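Working notes, structure below.
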Amino acid sequence: MFAVAPPKPPIVVVDPAGDSGTAPDITKVRVTTGANGRIAFVVVFATKYGSNSSLYVYIGSQYRLGPGGLEVWDPPANDFEPLGSESGTFSVAPGGRALEASVNASELGNPKTFRFTVQSIDGDGGTGHMDATSAAIWRR
């Protein structure tokens, strides 16, 4: 019989409340990795994620996960471009105080590690309209 490795403990990033201006105020990000390689980012807010809000998980220097799914950096366009509708999930909880974004590690090239940060935006962003966590490291 094969022994199944226990799941790795979640990565938890805590962000201070009250530093977001008008953007959804991120207080905690919990990252879990399933046995099938699905990486889930659960983001908790002190203020509501609303209809004018956006949230992005920046993964390494090449990927961004957000409302449009997984996007990859396109140097000629100087912007992120979508990889397709099946490339990631994004779901806001009723009441807007949490959301989950997830992606399969295989869609990121099966990395052993990557650096990530989470950013919320109100409207077009800018000073007083953004909140971001400090960078953290994900390891397989």
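Every read-out reported here was derived from the displayed coordinates using simple, explicitly stated rules and does not represent laboratory data. Just so you know, these numbers come straight off a predicted model, no measurement behind them. FYI the Cβ positions are ideal-geometry reconstructions off the backbone, even for glycines, and counts take in every protein chain you see.
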Under 14 Å from the Cα of K28, which aspartates and glutamates turn up, not counting those fewer than eight places away in the same chain?
D15, D19, E100, D131
Proxy exposure order for D131, D124 (fewest C-beta within 10 Å first) is D124, D131
Please label the shape of the range 60-140 as rounded, prolate or oblate, based on the square roots a ≥ b ≥ c of the eigenvalues of the alpha-carbon gyration tensor (a/c under 1.5 means rounded; beyond that, a/b larger than b/c means prolate, else oblate).
rounded
Cβ-based net charge around K48, under 15 Å, with every Lys or Arg adding one and every Asp or Glu removing one
-2
At a 10 Å Cβ-Cβ cut-off, how would you order T32, T113, fewest neighbours first?
T113, T32
So between K8 and R140, what do we pick up on full extension, going 0.36 nm a residue minus the alpha carbon distance?
46.7 nm
Identify, among V57, V42, G126, the residue whose Cα sits farthest towards the positive end of the charge dipole of the chain, taking +1 on the Cβ of Lys and Arg and -1 on the Cβ of Asp and Glu, with the dipole about the Cα centre.
V42
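Give me K28, K8 ranked fewest to most by other Cβ atoms within 10 Å of their Cβ, as a rough exposure proxy.
Fewest to most other Cβ atoms nearby, the residues stand as K8, K28.
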Lys/Arg +1, Asp/Glu -1 at C-beta; the chain dipole; positive extreme among S91, V29, G66:
V29
From the Cα gyration tensor of the range 1-123, with a ≥ b ≥ c the square roots of its eigenvalues, which class applies: rounded if a/c is under 1.5, or else prolate if a/b is larger than b/c, or else oblate?
oblate
